[in-house]
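All of the numbers you see were taken from the coordinates with simple rules; none came from a lab. The structure displayed is predicted, hence computed values, not measured ones. Cβ coordinates were reconstructed from backbone atoms using ideal geometry, including for glycine residues, and neighbour counts include every protein chain displayed.
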Number of protein chains: 4
Amino acid sequence: MPSCVLAYSGGLDTSVILLWLQEQGYDVHAVYVDLGQPCEDRAAILEKAHTGGAVSAQIVDVQEELCRDFAFPVLQWQAKYESIYLLGTSIARPLISKVCLQIAREVGADAYVHGATGKGNDQCRFQLAAEALDPQVQVVAPWRMESFRSQFPGRTEMIDYCREKNIPVKATAAKPYSSDENCLHISYEAGRLEDLDVNGVGVVDFGMTVSPQAAPDEVEQVTISFESGMPVAVNNKQLPALGIVQTLNEIGGRNGVGRIDMVENRFVGMKSRGVYEAPGMTLLYETHMVLEQLTVDRELMHLRSRLAPEVAELVYYGFWYSPKFDALLAFNREAQSR
Amino acid sequence: MPSCVLAYSGGLDTSVILLWLQEQGYDVHAVYVDLGQPCEDRAAILEKAHTGGAVSAQIVDVQEELCRDFAFPVLQWQAKYESIYLLGTSIARPLISKVCLQIAREVGADAYVHGATGKGNDQCRFQLAAEALDPQVQVVAPWRMESFRSQFPGRTEMIDYCREKNIPVKATAAKPYSSDENCLHISYEAGRLEDLDVNGVGVVDFGMTVSPQAAPDEVEQVTISFESGMPVAVNNKQLPALGIVQTLNEIGGRNGVGRIDMVENRFVGMKSRGVYEAPGMTLLYETHMVLEQLTVDRELMHLRSRLAPEVAELVYYGFWYSPKFDALLAFNREAQSR
Amino acid sequence: MPSCVLAYSGGLDTSVILLWLQEQGYDVHAVYVDLGQPCEDRAAILEKAHTGGAVSAQIVDVQEELCRDFAFPVLQWQAKYESIYLLGTSIARPLISKVCLQIAREVGADAYVHGATGKGNDQCRFQLAAEALDPQVQVVAPWRMESFRSQFPGRTEMIDYCREKNIPVKATAAKPYSSDENCLHISYEAGRLEDLDVNGVGVVDFGMTVSPQAAPDEVEQVTISFESGMPVAVNNKQLPALGIVQTLNEIGGRNGVGRIDMVENRFVGMKSRGVYEAPGMTLLYETHMVLEQLTVDRELMHLRSRLAPEVAELVYYGFWYSPKFDALLAFNREAQSR
Amino acid sequence: MPSCVLAYSGGLDTSVILLWLQEQGYDVHAVYVDLGQPCEDRAAILEKAHTGGAVSAQIVDVQEELCRDFAFPVLQWQAKYESIYLLGTSIARPLISKVCLQIAREVGADAYVHGATGKGNDQCRFQLAAEALDPQVQVVAPWRMESFRSQFPGRTEMIDYCREKNIPVKATAAKPYSSDENCLHISYEAGRLEDLDVNGVGVVDFGMTVSPQAAPDEVEQVTISFESGMPVAVNNKQLPALGIVQTLNEIGGRNGVGRIDMVENRFVGMKSRGVYEAPGMTLLYETHMVLEQLTVDRELMHLRSRLAPEVAELVYYGFWYSPKFDALLAFNREAQSR
């Protein structure tokens, strides 16, 4: 019987996919890659996976790696997609593929399954990362399969399907938009945000930040320390990468730092409205820029500024694991070392 | 007797230069290029020039041209020097040279004289623009001449010199930094700002903006209209370029928009601390960006983002009149026309 | 009954497609876009189209336009794909789409049909140009359709099909590679050239050039005149664009100029061996470069050199009609005007 | 008494400078950096330096380092200045500065003296490299000093000066141009070559290559082996970097490979005619390009092509030792490692 690793979130989509994969004849290994997304308790997630029929289920916490090895090199490039987006979701996708492929090798799975939809960027990022890491990989993306989509045309069918299979589904109130959260940021898109007449930052119920208007009318001082361009401490307290981001999320969040509202060009060609908040990373970008103003050679900095949009494009499109991105990383490692 | 056109501001430096040029044997035509800098009444300036011995004196108001033909094309490039500086001073320099050279042709002057100092960017911008517009031009820059500098080692000697010559000098209190203002922005540098431990935005007495903390805790809505990428109206009122900038300076200013504090790389090689406020132009950059998010082709936008730092560099360094800049302007005229 | 315009060459593939389209229920308008490809007499082509059932058939000679409006702007960019390929085939494709769409409008056709295969670059170039010129266009590419491919798995089935339909097919000896010729160049690929151990220039039977070894051991002088970067005369004889290319093809050809042998990266992702000869265009690239060495501003030239690979990429991929390419053309029109 | 290291060639200019420096009060350490330039026997050079009053004299052979660490990284970038010049002279200058500064440290010298003229590129390259390697370095460039130039307005005065000082000067016939040779190439410029009506390759008496017309009318096969983008063998014979270049100089030279004739933009702003021959390096560029066609990722290659002109510019201008160039080297080391 073929087996697969499923990038499992415990939400409705991947719960349905977990059941459906078994109908397709797969043994399913559920992997919850912990990026700092808001979640029920971990025991509940694992139990839900087992109840859903997973032959194995595990949680892999990669938050530190996400900050240190994924977000920080992008920060060091001062890379922002289309001038302003800090790439909080884009950065996380290759890491999910990397973790799932590692586990696929360990458990001897034949395929890697993800629940990304067919019009978004994430399907590309998952797939491109997986194929780069293992050109032989078999990627199963149910939402890109006609048969799956016709079986589940809407949320109702998915809920009914779970109930049939005795999988508990939480009745959640319909949200006016969808969101994606990890330790780096929260993104908001779709729903009411697709109406351009709607003020994005007015509609969204932000999770990490207060509004600039609600922020205190006084300055809060924060000291961020860098070594070779890498953040190492906040207010003189040495912290791991995740600790730095979390601490700055709080500080930036309470001061109304790091919200944007934009229309961006997706990899797949369409334009899409996105609202983002990334308080900690915004503070890191700003302070890293100041650091570089003081320390970096002018010619090097100017070339880097011309290349940064290309780095952001690679990350946004999903070419994290690619020869071009590797060479660009090597370029900036040298630049940051000075 | 040789004659020259002096870019005259009515301040201490150009008052001294006006006198000194006559000692060197020049007939001096004083030209006050009005960029919206704060000034005494115009009659007073003209009279001061005549009192100082100018054979002719005139004021040329180029504010509309500055906004429309200089600031707006740079805005349309989304060009910011070293990621954040909106180039408010850099943009104005080539225009001053252009005006002075025009008048030099009209009055048959042999030389063009400016009062820029020898360590700054402006000397280069004045000179490069002048040489580009007229390769045969003779540029006299007293502050780059050893003899002038040794005659006027400090402010005291300059004041004494004016008094000797019966030119009235206002006793002004020493300022903790120097500033340059035009209708686009105010820049602050030198003095106390050279100490990096000083909080730039804390020290500066801003002229156009309140601080974000002092700004009202409520949102003010403003509607800016563009045609082919060019701002044409504010709150549905059609305005000339200058009117748009002035109106937005007020709106942005009272809402705490558009202050930055940076260390920048000068053309001449040194790093320099600069604090800037540009409320109107900041609003225009932001809204133009949103406009482009909705209307511009992705590939074109991404290429433009890679070229924008180079455009900013050209403007900052002073290569306004250059084949490379002309080609880049043509590129973006095509891009904006869509 | 729906109707279509078929980009018709009179060869086996488009003869089959002409018949097949009628079986699909189309009225077919055959359009032979004359790019200078070697062909039987024109009357024969038109007759063959009529015999094959075309409701109309015409020949449109666009050689002058191909040279003047397509090849020369690319030449002025000094654009070479992957450093050496002069883009002779790539340049012609958008023009074919343009002509066919014009005729489609005239005859009121519903679709545009081309015979490009499914692994090559040309399918993309035809399609991208057509969609850019008319976003509503319906493009039919039989070789990209599973049903067509299974009906015609090989050359034999295609010949049989034609014979069944009483369409004469010339028995041609199998060639060791395929070629594509127009007035700009000849390309050779596939077949024996796919073996990297084969010396490409040794295997190919070149149509336009002698080998450097066979070329005369003496220098032939040729004078090429340019106006604003545009070639206008050869040996002091004013000629239209096509005349210039043809004359230089002869001169370059007899002197062994303009052969290359490379492995290139196709738009669709695979690497592909290509051998090319373009004697006239090679002479034009070299002399235009010398012209620019003497006349173009250094900074402009250096920027252009950094952008030229991107221009070549756009042309090779098929983005002739695109906002990005338009802006780059505007850039260089300005640059060449000096 | 202050001491200096003189980059000494044994020719007329540096012989004069050697004497002149002693008149200025310097102890002079003569260093002949052997780059493969054509020279009299080494003993004669050392003796000439001693006769001229040098307190020490030595020859440092850096040909292997020049090829391996300077020419090959530039080759791996496929960097050519203004599209065609392989940078054979530019590459060597930073290495001369490096060697002289090393010796200056060893002998405790206070200054570094070179004999480059005041209108050329080399003065910049020597100086920029020296200042980058040691920001405190004192560089003495007699040809940039008014007093030196007025003492030696022409060749006659230099010869007379040497004779006065009893330094033997070879009476050499006036050459119609000047040349610079090292193991990588020979460059020819000035004199008759400044007349654009002169056919450069017709006038020059080439030292390394026959003309294409004089080359044999048959193909010579040569096999060049690369490891990680680095040439390691010729015709299956492992060779050090210098051996590879020398062997290929012979092979390319007898086959008429590697001559160019161009007008280039100097760093100092003027345009200058140059004729070059670099048979071995030309073969290496061509074969390395073919190697990359087969092995390098498309996106990486395309980005590299856009950056290569900038790398060539840095090398040509003399910014070998600079943060920007270091980062670009790191980029390509990563790219070549694949």
Handout entry: Minimum Cβ-to-axis distance in chain D for the rotation onto chain B, with residue, whole Å
Key = D:Arg306, 5
Fill in the blank from the handout: Longest principal axis of chain D (C-alpha) makes with the long axis of helix D:122-133 (C-alpha) an angle, in degrees to the nearest 10, of 90 degrees
Problem - Charge tally in the Cβ shell below 10 Å around D:Gly115, where Lys, Arg are +1 and Asp, Glu are -1, D:Gly115 excluded - result: -2
Handout entry: For the stretch C:178-336, projected area of the alpha-carbon convex hull averaged over all directions, nm²
Key = 10.9 nm²
Problem - At 7 Å out from Cα toward Cβ: B:Glu220 inter-copy label distances (nm, ascending) - result: 2.7, 7.5, 7.9
Fill in the blank from the handout: Averaged over the residues of C:318-326, the number of partner chain Cβ atoms within 10 Å of each residue's own Cβ comes to 4
Exercise for the section: Give a residue-ordered list of calculated ³J(HN,Hα) values for the stretch D:262-267 (Karplus: 6.51 cos²θ - 1.76 cosθ + 1.60, θ = phi - 60°; whole Hz; x for Gly, Pro). Expected result: 8, 10, 10, 8, 5, 4
Handout entry: Counted charge near D:Arg338, where neighbours are those whose Cβ lies closer than 11 Å (Asp, Glu -1; Lys, Arg +1)
Key = -2
Problem - Dipole of chain A, positive end: most advanced residue of A:Phe206, A:Asn166, A:Pro142 [Cβ charges, Cα centre] - result: A:Pro142
Exercise for the section: Bin all alpha-carbon pair distances of the stretch B:5-85 at 5 Å intervals from 0 and give each bin's fraction as a whole percent. Expected result: 3, 14, 22, 16, 12, 11, 10, 7, 4, 0
Exercise for the section: Work out how much length B:Asn199 to B:Leu294 would gain on full extension: take 0.36 nm times their residue separation and subtract the Cα-Cα distance, in nm to one decimal. Expected result: 30.5 nm
Exercise for the section: Using a cut-off of 13 Å between beta-carbons, work out the net charge of the residues near C:Ser178 (Lys and Arg +1, Asp and Glu -1, C:Ser178 not included). Expected result: -2
Exercise for the section: Quantify how strongly other chains surround peptide B:153-166 by giving the mean number of their Cβ atoms within 10 Å of each of its Cβ atoms. Expected result: 0
Completion exercise
The size of the Cβ-based charge dipole (Lys, Arg +1; Asp, Glu -1) of the stretch A:178-336 about the Cα centre, to the nearest 20 debye, is 320 debye
Practice task
Just need the relative contact order of the stretch A:178-336 here, percent rounded to a whole number, with Cα pairs under 8 Å and 6+ apart.
Solution key: 23 percent
Completion exercise
Semi-axes in Å, largest first, for the stretch D:137-224 (Cα gyration tensor, √(5λ)) are 37, 17, 15
Practice task
May I ask you to give the average projected area over all directions of the convex hull of the Cα atoms of the stretch D:3-164, in nm² rounded to one decimal?
Solution key: 10.0 nm²
Exercise for the section: Return the long-range amide H neighbours of B:Ala57 (sequence gap of 5 or more, or a different chain), with a cut-off of under 5 Å between placed amide H atoms. Expected result: B:Ala30
Completion exercise
Given unit charges at Cβ for Lys, Arg (+) and Asp, Glu (-), the dipole magnitude of the stretch A:3-164 about its Cα centre in debye, nearest 20, is 400 debye
Handout entry: In the stretch C:1-90, the GluC sites (Glu not before Pro) that fall in loop regions by DSSP, at most 16 other Cβ within 10 Å
Key = C:Glu40
Practice task
Between copies, how far apart are the D:Glu194 label points? List them in nm, one decimal, shortest first, with each point 7 Å from Cα toward Cβ, please?
Solution key: 4.4, 5.9, 7.1
Handout entry: Degrees separating the helix B:12-23 axis from the principal Cα axis of chain B, which is the longest one
Key = 40 degrees
Problem - Amide H partners (placed H, <5 Å) of C:Val113, local residues excluded - result: C:Val5, C:Leu6, C:Ala7, C:Val140
Practice task
Hey, could you get me the Stokes-Einstein D for the protein assembly as shown, Kirkwood radius over alpha-carbon pairs, 4 °C and 1.567 mPa s, rounded to whole µm² s⁻¹?
Solution key: 36 µm²/s
Practice task
Translational diffusion coefficient, Stokes-Einstein: compute it for chain D using the Kirkwood radius over C-alpha pairs as Rh, at 10 °C and 1.306 mPa s, and state it as an integer in µm² s⁻¹.
Solution key: 75 µm²/s
Exercise for the section: Quick one: angle between helix A:42-51 and the longest Cα principal axis of chain A, in degrees between 0 and 90, rounded to 10, please. Expected result: 30 degrees
Completion exercise
Which residues qualify? For D:Val232, with a placed amide H closer than 5 Å and at least 5 residues away or on another chain, they are D:Ser225, D:Phe226, D:Glu227
Practice task
Select from C:Ile103, C:Pro38, C:Leu133 the residue farthest towards the positive end of the dipole of the stretch C:12-146; place +1 on Cβ of Lys and Arg, -1 on Cβ of Asp and Glu, and compute about the Cα centre.
Solution key: C:Leu133
Practice task
Once you have a ≥ b ≥ c as the square roots of the Cα gyration tensor eigenvalues for the stretch B:68-125, tell me rounded if a/c is under 1.5, and otherwise prolate or oblate according to whether a/b is larger than b/c.
Solution key: oblate
Problem - 13 Å cut-off, amide nitrogen to a point 7 angstrom out along B:Ile84 Cα→Cβ, residues in the stretch B:159-200 - result: B:199-200
Exercise for the section: About the Cα centre of the protein assembly as shown, how large is the charge dipole given +1 on each Lys and Arg Cβ and -1 on each Asp and Glu Cβ? Please answer in debye to the nearest 20. Expected result: 0 debye
Handout entry: Using θ = phi - 60° and Karplus 6.51 cos²θ - 1.76 cosθ + 1.60, couplings along the stretch D:232-239 (whole Hz; Gly, Pro as x)
Key = 10, 8, 10, 6, 6, 9, 5, 9
Exercise for the section: Report the one residue of A:Val315, A:Gly274, A:Thr295 whose Cα lies farthest in the direction of the positive end of the charge dipole of the stretch A:272-323 (charges on C-beta: Lys and Arg +1, Asp and Glu -1; origin at the Cα centre). Expected result: A:Gly274
Problem - Label geometry 7 Å along the beta-carbon vector: D:Gln136 inter-copy distances in nm - result: 5.1, 6.0, 7.8
Practice task
Go through the stretch A:271-283 residue by residue and turn each phi into a ³J(HN,Hα) via Karplus (6.51, -1.76, 1.60, θ = phi - 60°); whole Hz please, and just put x for glycine and proline.
Solution key: 8, 8, 7, x, 10, 9, 9, 8, x, x, 5, 4, 4
Practice task
Using a/c under 1.5 as the rounded threshold, could you call the stretch A:271-338 rounded, prolate or oblate? The axes a ≥ b ≥ c are square roots of the C-alpha gyration tensor eigenvalues, and prolate needs a/b larger than b/c, oblate otherwise.
Solution key: oblate
Exercise for the section: Consider all pairwise Cα distances in the stretch C:96-141 and report the whole-number % of them above 15 Å. Expected result: 34 percent
Fill in the blank from the handout: In the stretch B:167-225, the GluC sites (Glu not before Pro) that sit in a DSSP loop and have at most 16 other Cβ atoms within 10 Å of their own Cβ are B:Glu218, B:Glu220
